[in-house]
Amino acid sequence: MKVKKAVLPVAGFGTRFLPATKSSSKEMLPLVDKPLIHYAVEDAVKAGIEQIIFITGRGKRAIEDYFDISFELEFHLKFQGKEELVEKMREISNMADFVYIRQKEPKGLGHAVLRAKDVVGSEPFAVILADDVIEAKRSGTQQLVEIFEKYHCSVIGLEEVSPEDVSSYGIVAGKEIEKGMFKLDTFVEKPPKDKAPSNTAIIGRYVFTPAIFEELEKTKVGTKGEIQLTDAIESLSRKEVIYGKILEGKRFDCGNKLGFLKATVEFALHDKEINSEFEKYLKEVIKC
Ligand code: G1P
């Protein structure tokens with residue numbers, strides 16, 4: 001069965017970016033000229049995903065407007081003779097079919113994903129966290145979908161992190177069955193450094209069989225007083241095989257200021273329009 005749907009939880013408050021996120025959404029912060037959420041949708045579309053299911057909350061209207069058609073803007077651009085930009089704007093709303101579900105209370109990632117149950121139905125689906133931006137030849141979701149299509153099992157994107165950082169992630173352990181690919185049996189959400197089963201972290205790309213919903217329904221409040229997706233994966237692993245794959249490419253953790261700034265600099269250095277001027281500028285600044 002093909003993976004055609006992706007769930008993108010976007011209801012978080014983005015507290016690490018306050019006050020910038022007081023009245024607008026963290027997912028709309030731009031890396032050069034595209035908001036974080038655009039990169040997440042691109043990651044899905046490259047994997048053949050046709051429907052994007054956003055789990056939104058209060059103050060997230062900008063995301064809906066971004067993926068909608070803006071007649072006023074198009075009219076204005078046409079009037080100015082900027083046909084190319086009109087095309088570019090249309091391409092955004094044509095990327096996929098977009099569905100919006102509200103998460104009324106911030107009860108955690110597991111709770112957010114469970115809100116998509118009725119729309120996903122009995123199909124496999126991807127989960128993409130927009131904070132994790134991955135620059136790679138094959139998108140993060142694409143790498144996982146390829147494994148799903150081969151083994152028909154849930155599969156999670158992984159990365160080795162430093163021991164100092166394990167408490168910021170879901171940490172897993174298991175048996176390496178081929179280079180970079182694991183059959184997982186241990187899952188702990190944000191363990192302290194001395195309790196972590198490994199340094200292998202879950203990063204924001206997942207493909208699940210629909211059986212995850214049954215586990216999410218039973219999952220009790222866990223770390224940080226929230227319903228954790230990692231806990232539901234742990235209970236699913238007692239019934240179904242769960243694979244983990246160290247993802248190829250470079251990941252930027254855009255959920256914190258430093259990671260976001262690193263991504264901004266690198267994406268600017270890869271942007272054909274501004275990279276040479278920007279590089280010159282960086283060299284000047286560093287010299288001072
Ligand atoms: C979430 C997950 C965590 C995962 C992380 C990846 O945490 O709960 O398991 O490792 O995303 O970015 P968050 O960063 O939302 O606190």
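The numbers here are math on the coordinates, done by the rules we state, and not lab data. The shown structure was predicted, so the numbers you read here are calculated from the model rather than taken from an experiment.
For the reader, a short list of remarks on this structure follows.
- Descending semi-axes in whole angstrom, ellipsoid equivalent of the range 1-116, from the Cα gyration tensor: 26, 19, 12
- Whole-Hz ³J(HN,Hα) from phi, Karplus 6.51 cos²θ - 1.76 cosθ + 1.60, for the range 78-88, glycine and proline x: 4, 4, 8, x, 9, 4, 4, 5, 4, 4, 4
- When the C-alpha to C-alpha distance is required to be over 22 Å, the pairs from Lys104/Lys220; Lys220/Lys257; Lys26/Lys183; Lys4/Lys150; Lys26/Lys82; Lys104/Lys224 that qualify are Lys220/Lys257; Lys26/Lys183; Lys26/Lys82.
- Of the residues Val145, Val119, Val45, the one that moves most in a GNM of the chain with alpha-carbon contacts below 10 Å is Val119.
- Cα long-axis angle, helix 36-45 against the chain (0 to 90 degrees, to the nearest 10): 70
- Gyration tensor verdict on the range 99-245 (Cα atoms; rounded if a/c is under 1.5, prolate if a/b is larger than b/c, oblate otherwise): rounded
- Directionally averaged projected area (the range 148-214, Cα convex hull): 5.0 nm².
- Descending Cα extents along the principal axes, the chain, whole Å: 60, 49, 37
- Centroid-to-centroid separation of the range 1-55 and the range 69-89 [C-alpha atoms, Å]: 23
- Relative to the longest principal axis of the Cα atoms of the chain, helix 257-269 runs at roughly 50 degrees.
- Karplus-derived 3J(HN,Hα) values for the range 14-24, using 6.51 cos²θ - 1.76 cosθ + 1.60 with θ = phi - 60°, are x, 4, 5, 10, 5, x, 4, 9, 5, 10, 9 Hz; glycine and proline are entered as x.
- Pairs from the table (Lys190/Lys218; Lys190/Lys239; Lys78/Lys280; Lys107/Lys179; Lys107/Lys195; Lys34/Lys179) lying more than 31 angstrom apart at Cα are Lys78/Lys280; Lys107/Lys179; Lys34/Lys179.
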